[in-house]
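What follows is a single structure, written as C-alpha cells, with notes after it.
The values are calculated or read from the model by the stated rules, or taken from the named source; none is laboratory data. Nothing here was measured: the structure is a model prediction, and the numbers come from that model. Every residue, glycine among them, receives a Cβ derived from its backbone with ideal geometry; neighbour counts consider all protein chains shown.
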Amino acid sequence: MKRARIIYNPTSGREIFKKSLPDVLMKLEAAGYEASCHATTGAGDATKAARIAVERRYDLVIAAGGDGTINEVVNGIAKQEHRPKIGVIPTGTTNDFARALHIPRDIDTAVDIILKGDSIPVDVGRVNDKYFINIAGGGRLTELTYDVPIKLKTMLGQLAYYLKGIEMLPSIRATEVTIEYDGKLYEGEVMLFLIGLTNSVGGFEKLAPNASINDGMFSLLILKKTNLADFIRIASLALRGEHLNDSKVIYTKANRIRVKSQDRLQLNLDGEYGGDMPAEFENLYRHIEVFVPLDKIRPEDRPESLGDTAKEE
Ligand SMILES: Nc1ncnc2c1ncn2[C@@H]1O[C@H](COP(=O)(O)OP(=O)(O)OP(=O)(O)O)[C@@H](O)[C@H]1O
C-alpha cells in the first residue's frame, strides 16, 4: 500500500486546515493511501518532518500551509537522493508557489489534484546550502515580511503585508550591492533585487512574466535606487506587468547569481529570513516533482513537451 504523509502548519493563513483534516485523511485512505499527518510546532519543524518522511520512504508528501511551510518541506527533501513527489494544499496567506502552479485554495479540489496523479518537475533554487521554491530577494523592502505578526496575517490575510509596506515606505533606503549573473556584473545602489523561479511574487502575478517553472533559469529583477515617487510609480506599473522596460529596472534570466554587499544585507527566501549576504544562487534544474492540474499548466511546462530530459539527474 502506498503511504502519504501530510505536513501541515496549524497556524498558517486563517487557520482553517485543522477542521478539514479528518476529511482529507479519509479521502486519501479511500484512494488507497495509508495516510498520516504531522502538525508543525514552529520554525524548522516542517523541514525535520519532511526529512523523516524521506527516511521512512513515504511515497507522497503533502505540504499544507503557506509558502513558508512548502519551503521548509522542500528543504527537508531537496538534498536527498530519493525525493518523494510533493502535493500542495495552499492554506497560507499568500500562496505564491501554489498560485504559480494553479493549485486552488479550495482544500477538496487541491486534494483531488493530488489524487489525480499528474505531476511536473519544477526547478528549485539553492543558496548557501538552503533551498527555495519561489523567490529569493534582498533589500530593505523584502525585509518587511518578517515583521508582520501572525495574528495580523490571520485576521487580514495578504492585506497585512500591504499595510506593513505602506507603513514602511518612507523609511526604505537603497543598499549598495554587487550582483554577478552568468558572467555579467551590476554594481550600484538598489532598492531590492529578486531572484524568481515562478512568475508569482507577493500576490504580484506579473512581476516576472516570462518565468518558466522548469527551464533551469532564474528571473533576475533589480530595482535600482529611486526616490519615493518613482518607487510608487514603478510598483503600480509592476501590478500591470509594465515595469520591465523602465530605466530603473534590470530584468534578465540567469542560471547562477552571486550577490555581495559592504552593508549588512539580509536574504529573504520564500518570504522568510534566510541568513545574510554574501550569497551564491544556483538553479537546480527540474529537481522536484509536484502534483498539478495539468490542463492549467502552460504547454511548454508540461511533461509531454519536456521529453526525456525531465527524467535526468
Ligand atoms: N505551530 C507553529 N507555530 C508558530 N509558527 C509556526 C508553527 N508551525 C510552523 N510555523 C512557522 O510559520 C511559518 C509561516 O508559515 P506558512 O508559510 O505556512 O503560513 P503563512 O505565513 O500564513 O503563509 P504565507 O507564507 O503564504 O504568507 C513557517 O515558515 C514556520 O516557520
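If only one of Val88, Val54, Val74 is more than 7 Å from the ligand (Cβ to nearest atom), at pLDDT 95 or above, in a strand (DSSP E or B) and surrounded by 14 or more Cβ atoms within 10 Å (Cβ to Cβ), which one is it?
Val88
Being outside the structural domain of Gly275 (by TED's automatic domain parsing), more than 10 Å from the ligand (Cβ to nearest atom), at pLDDT below 95 and surrounded by 14 or more Cβ atoms within 10 Å (Cβ to Cβ) is true for just one of Ala100, Ala110. Which residue is that? Even if it seems obvious, please write down each step before you answer.
Details: Ala110 fails: at pLDDT below 95.
Criteria check complete, one pass: Ala100.
Run down Ala64, Ala4, Ala35, Ala31 and say which single residue is within 11 Å of the ligand (Cβ to nearest atom), under 16 Å from Val111 (Cα atoms) and in contact with a Leu (Cβ under 9 Å, 6 or more places away or on another chain).
Ala64
Would the stretch 108-122 turn up any residue that is more than 29 Å from Ala30 (Cβ to Cβ), in contact (Cβ under 8 Å) with a residue 60 or more places away in the chain and not aliphatic (A, V, I, L, M)?
Scanning the stretch 108-122, I find no residue that is more than 29 Å from Ala30 (Cβ to Cβ), in contact (Cβ under 8 Å) with a residue 60 or more places away in the chain and not aliphatic (A, V, I, L, M), so the answer is no.
I'd like to know if the stretch 7-21 contains one or more residues that are within 21 Å of His287 (Cα to Cα) and either out of contact with any strand residue (DSSP E or B) (no Cβ under 7 Å at 6 or more places or on another chain) or part of a strand (DSSP E or B) (or both).
Step one: of the stretch 7-21, the residues within 21 Å of His287 (Cα to Cα) are 7.
Now restrict to residues that are either out of contact with any strand residue (DSSP E or B) (no Cβ under 7 Å at 6 or more places or on another chain) or part of a strand (DSSP E or B) (or both): 7.
Yes: one or more hits.
For residues that are closer than 20 Å to Gly13 by Cα, over 17 Å from the mean Cα position of the chain (by Cα), in a helix (DSSP H, G or I) and of a type in the set (D, E, K, R), tally how many sit in the stretch 91-137.
1
Within the stretch 270-294, which residues are buried (at least 18 other Cβ atoms within 10 Å of the Cβ), in contact with a strand residue (DSSP E or B) (Cβ under 7 Å, 6 or more places away or on another chain) and not polar (S, T, N, Q)?
Matches in the stretch 270-294: Asp270, Gly274, Met277, Ala279, Phe281, Tyr285, Arg286, His287, Ile288, Val290, Phe291, Val292.
If I ask for residues that are within 16 Å of the ligand (Cβ to nearest atom) and either more than 20 Å from Ala174 (Cβ to Cβ) or outside the structural domain of Leu223 (by TED's automatic domain parsing) (or both), which ones from the stretch 241-272 would you list?
If the condition is that a residue be within 16 Å of the ligand (Cβ to nearest atom) and either more than 20 Å from Ala174 (Cβ to Cβ) or outside the structural domain of Leu223 (by TED's automatic domain parsing) (or both), then Leu269, Asp270, Gly271, Glu272 are the ones that fit.
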